[in-house]
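Every number here is computed from the coordinates shown, using simple stated rules; none is lab data. Everything quoted here is computed from the prediction, not taken from an experiment. Cβ placement follows ideal geometry from the backbone for every residue including glycine, while neighbour counts extend to all protein chains displayed.
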Amino acid sequence: MISFIANKGRSSFTACEDSLTSSVFDYLKYLPINLFWEILKKSMYQNKLPKLSGELLSIEYWPKWQPNHTDNSRFVEPDVFLRFEDFDVLIEAKRRNYGGQSKTQYTNQIQAYSNEYGDDNKILYYIKLGGLITFSNEDSSQSKIIICKTDWSKLLQEVVELKKELEQSNRYLTEHYIRLLDDCIKGFTLHHFYYMEWLIDLSKIKINTQTIPLNIK
């Protein structure tokens, strides 16, 4: 949340696409990188992200990139930009599914990334987070651009699953991570994304009917 306030110049909280992005990633970035990457990788609809990420070199919210050879006149502004030693990750976030991810916006962001970092010759994983019309695979025409897809509900599910795993491990060593994930889940809730456990997924409980008194009135 602090990145939303700091970058957008807001003096009070307003639930929107940018505040959702900040609410979630401001907590996830404090996790050890292996846990952060596990959440992100498992949330994808296709298994395209590398197994390991290496150390996170930097994370930047709403960078303003040079608009040369794009449709924009002032700058191009993706939502989240992460740099690792061997590759980069760009996240374009939309609050809801069923539309929002724009082909023009994608083209502009890829060109702006090339303007800024093209000389590095790195693979770029372009993550469409929300705003999806279809969850099916989508390939780029450029070999070094890998398009990945997820949405907020999938991301929330993996946050909750990791929290459950940590709760079942040595809580003395993981309690601080559990608290981070708790606050991250609250950020989802503030933006009306809720985790629900379905009856089919709940653990079965056996009841010994022989211990129930038969003379209950």
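What per residue convex hull volume, in Å³, do the alpha-carbon atoms of the stretch 2-210 yield?
159 Å³
If you consider only alpha-carbon coordinates, what radius of gyration and Dmax does the stretch 22-64 have, in Å?
11.1, 30
If you add up the charges near residue 88, with Lys and Arg at +1 and Asp and Glu at -1, over every other residue whose beta carbon is less than 12 angstrom from its beta carbon, what do you get?
Net local charge, residue 88 excluded: -2.
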